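The values are calculated or read from the model by the stated rules, or taken from the named source; none is laboratory data. Values in this document were obtained by computation on a predicted structure and should not be read as measured data. With ideal geometry, Cβ positions are generated from the backbone for all residues, glycine too; neighbour counts draw on all protein chains shown. SASA here: full protein model, heavy atoms, side chains in, ligands and nucleic acids out. Shrake-Rupley method; radii C 1.70, N 1.55, O 1.52, S 1.80 Å.
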Amino acid sequence: MRKYCLLVLLFPCCLSVLAQTLTGKVINSQTKEPLAAASVYLSNTSIGVNTNKMGVFEINTVRGGKYKLVVSFVGYETYVMTVNPAHLPTDLVIPLEPKLNKLEDIVLEPYETNGWEKWGKFFTDLFIGTVSYTWQCNLKNPEVLRFRNSKKDHKLYATATAPLIIKNNSLGYEITYSLEEFEFDFERKVVSFNGYPLFKDLAIDHPSKARLWQEKRKFVYYGSLMHFMRSFFMNKVEEEGFEIRNLGYVPNLAKFRAMKLYHQYKDSVIIHNQDTSFRIQSGYISLRYNQVDSTDFYKKALVLPDTVISYAIVPADSIGYAIDSSTAGLYARDSLEISYLLKEVPDDYKRLTAKHRKETYPVSQFTFINKRPIEISGNGNYYGPHDLKITGFWAWWETVSTMLPFDYWPPRK
């Protein structure tokens, strides 16, 4: 079974609970004319509107930190900016640049003619996922995808000529996903993708399914990457059921103790056998049952590794720090292991490998590959995704089929 990894804050803060209103106007950057019916939304939320005939929009933002404001219109370049509900801009005017009618860049490795037939399932498994929710999550317009398999750098690239339309009947969302990047590295077995999704809650049109979808969303949320990021931000990692451990290497004390013992009692006989008991008395070791020469014991100790993985518990406040009232930083020199102790590993995850079959709780790993911190907002969003490599459970679980909008908050326990 193939194994992949995904390359996708504890601090005194106050998250705004009251919605704030963001208003602005969208215009043509060259003619300054207003653009009617332009799409304006907060990325990875269900919050979005279209501009009126004067190009004006008004949207309500939500609690919990920073968001990406996305503005798109047919024939124009997509505009993206970061907004913070606590500090919204006033008199916002957004100029959209018209797309130039130019020939596509000439590349030595063009897009494949029958790309979807060749790479469609592979792309779907990585992008939408292989979890149990996937079978009710469908891509409605695969024809907009184009694939390029680069023999030079051993990577698969995917682009889209229009936003992807994904209907997730498992969680009750229709997602319009503006795909900005999709890349799979065949050598490193690493997939990375990003874009700007807009969620539509299907429960509005299908109220009879609302309760079922609410229960499924709640189950998906607890133990998710979003849940962890929010818990870390609020300094409630342990309270919410997470455990962080250090995966850095430390000196192998067992080896050094054995070597010290050997040099201290090198003229004595040392026991190293489960069938043997011993005690030290006045510089010598008294033996019972089988005896093993100290030289043999020393040789065995000598081949032990000098370092072993720490696995020490890591307090959240030792790897996090406040950036401002709505943002926190997270960084660790060593890789981290994160376990969620309040949920069992799904059976379909256990079936992937023999190692996973032995796991009880979902276990994931963080590696800060560029030695830079990531920034986390109270809504669970984090910035610097290319600086964080995620492996383990979340690399398998965190796909489009289990993705929740940042304005989703579970019912109180």
³J(HN,Hα), Karplus 6.51/-1.76/1.60, whole Hz, each residue of segment 128-143, x for Gly, Pro: 8, x, 10, 6, 5, 7, 5, 5, 10, 10, 10, 8, 8, 10, x, 5
Segment 28-100 pair-distance distribution - Cα-Cα, 5 Å bins, rounded %: 4, 16, 27, 27, 16, 8, 2, 0
Sorted largest first, extent of segment 329-413 alpha carbons per principal axis (Å): 34, 34, 23
Derived scalar couplings ³J(HN,Hα) [segment 326-339; Karplus, 6.51 cos²θ - 1.76 cosθ + 1.60; whole Hz; x for Gly, Pro]: 10, 9, 10, x, 9, 7, 9, 5, 9, 5, 10, 10, 10, 10
Rg followed by Dmax, in Å, when segment 104-258 is reduced to its Cα trace: 20.8, 70
Average accessible surface area per residue within segment 17-84, 1.4 Å rolling probe, Å²: 47
Distribution of pairwise C-alpha distances over segment 47-156, 10 Å bins, in %: 10, 26, 28, 27, 10
For segment 310-375, alpha-carbon Rg and Dmax in angstrom: 15.0, 44
Between segment 305-373 and segment 377-413, the alpha-carbon center distance in angstrom: 14
Taking only Cα atoms of segment 163-247, radius of gyration then Dmax in Å: 16.7, 47
Net charge dipole size for segment 27-139 [Lys, Arg +1 and Asp, Glu -1 on Cβ; Debye, nearest 20]: 400
